[in-house]
Amino acid sequence: MLALVAIEEVSKVCATSGLLLAVQELGSLGLKLAGSQEQKEKYLPRLATGEWLPAYALTEAGSGSDSAAMRTTAVREGDEYVLNGSKRWISNGGHANEYLVYCRLSDAPGAKGIGAIRVAKGTPGFSFGAPEKLMGFRGIPSADLYFDDVRVPCDNLVIPAGGFKQLFGVFSIERLGNATMSLAIGQASLDRTKAYVQERKQFGRALIEFQNVQMVLADMATQVEAARLLIYRAAMNAGNGLPIPFEVSVAKVFANEMAKKVSDQAMQLHGGNGYSEEFGIERLHRDAHGWAIAGGTPAIQRTRIAAELLGRTFSQRVPEVMQ
């Protein structure tokens, strides 16, 4: 919960900076949950102080929401693993010191064959694509990763084959962070708009004196508070050790769509100024659209929600994702 509060407060001012906190947490989470004691002692202190930047590499060009369809492989040869493949849209790509690379460690189908290996920047055969030029998130690097016969010691194995399925809760935590950044965008849009309509005058009156403006502000506030309560409920349940797939998916869908809607309403109430970089509303609106894609789209979250409601596993709704 404390991490989410920190991410929200930072993201109100700059969503990109909030993303840096989230990536730092997620890049080290696999080590904290599944790493050996030796790995934890060696790497976590440096990651905690910020001396090293981490990244986690999951998405591939052919496997976004269907993460278990990844094709990057790690084949054991003696005391080493040899990695081949590529990763897409990796935050901190090219800048991070340590990468937790999810890859296929065996021929077992779906998630059963997937684990994760730590790869350090500078390892021979490990290279990066050009920085992505994105609609939002422009303050944090994102790049492709390429593995061409990359050899790492077997000691770098963090999550063995099959462990990916057991650690799928990691991605629930990711989605909570994502939803929290959407919440921050909604709150920032509301705060800036509330101040603006009290200062801006039209037809000889402050905008806030028009009843339709008050109604829009009320709708914005309602949406923001509803998102906050959904996120906090999921976070509290997680802290109490309860399963949270349903709560997280509900919170992410609502918060993602709230941020897009509320930032758009903010832009409308700012008029032409909302379209200008000077007032920062257009940036909030651009970043809001990115969060709705990252961490599993609203469409895939709705599929998860329906599966929970119908008492089905997610793999029955979307083949191979969790087999």
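Tabulated results
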item: Among the residues listed as Gln301, Gln268, the single one being surrounded by fewer than 18 Cβ atoms within 10 Å (Cβ to Cβ) and either out of contact with any strand residue (DSSP E or B) (no Cβ under 9 Å at 6 or more places or on another chain) or within 21 Å of Val216 (Cβ to Cβ) (or both); result: Gln268
item: Qualifying positions in segment 106-155 - touching an Asp or Glu at 6+ places or on another chain (Cβ under 9 Å), aliphatic (A, V, I, L, M) and in a strand (DSSP E or B); result: Val119, Ala120, Ala143, Val152
item: Checklist (1) at pLDDT 90 or above; (2) surrounded by fewer than 23 Cβ atoms within 10 Å (Cβ to Cβ); (3) farther than 21 Å from Val5 by Cα applied to Phe254, failing item; result: (3)
item: Test: residue in segment 283-298 that is at pLDDT 90 or above and more than 22 Å from the chain's Cα centre (by Cα); result: no
item: Residue within segment 43-66 that is aromatic (Phe, Trp, Tyr), assigned to a strand (DSSP E or B) and either open to solvent by 30 Å² or more (accessible area, probe 1.4 Å) or under 25 Å from Trp291 (Cα atoms) (or both) present; result: yes
item: Of all residues making up segment 104-144, the number that are among the polar types (S, T, N, Q), touching a strand residue (DSSP E or B) at 6+ places or on another chain (Cβ under 8 Å) and surrounded by fewer than 18 Cβ atoms within 10 Å (Cβ to Cβ); result: 2
item: Neighbours by Cβ (under 6 Å, 6+ apart or cross-chain): first from segment 136-150, under 15 Å from Thr16 (Cβ atoms); second in a strand (DSSP E or B) and polar (S, T, N, Q); result: Ile140/Ser91; Ser142/Ser91
item: Check on Ser91, hydroxyl-bearing (Ser, Thr, Tyr) and touching a residue at least 12 places away in the same chain (Cβ under 8 Å); result: yes
item: Verdict on Leu53 being within 21 Å of Leu83 (Cβ to Cβ) and touching a His at 6+ places or on another chain (Cβ under 7 Å); result: yes
item: Criterion (among the acidic types (Asp, Glu), touching a residue at least 24 places away in the same chain (Cβ under 8 Å) and farther than 30 Å from Pro298 by Cβ) met by exactly one of Glu80, Glu60; result: Glu80
item: The one condition in (1) over 21 Å from Ile300 (Cα atoms); (2) open to solvent by less than 70 Å² (accessible area, probe 1.4 Å) that Leu26 fails to fulfil; result: (1)
item: Segment 68-95 - residue that is buried (at least 19 other Cβ atoms within 10 Å of the Cβ) and touching a helix residue (DSSP H, G or I) at 6+ places or on another chain (Cβ under 8 Å) and, of those, farthest from Pro141 (Cα to Cα); result: Tyr81
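The values are calculated or read from the model by the stated rules, or taken from the named source; none is laboratory data. Computed from a predicted structure; not experimentally measured. Note that each Cβ is placed from the backbone with ideal geometry, even for glycine, and that neighbours are counted across all protein chains shown. Heads up: the accessible areas ignore ligands, DNA and RNA and are worked out on the full protein's heavy atoms, side chains in. Shrake-Rupley method; radii C 1.70, N 1.55, O 1.52, S 1.80 Å.
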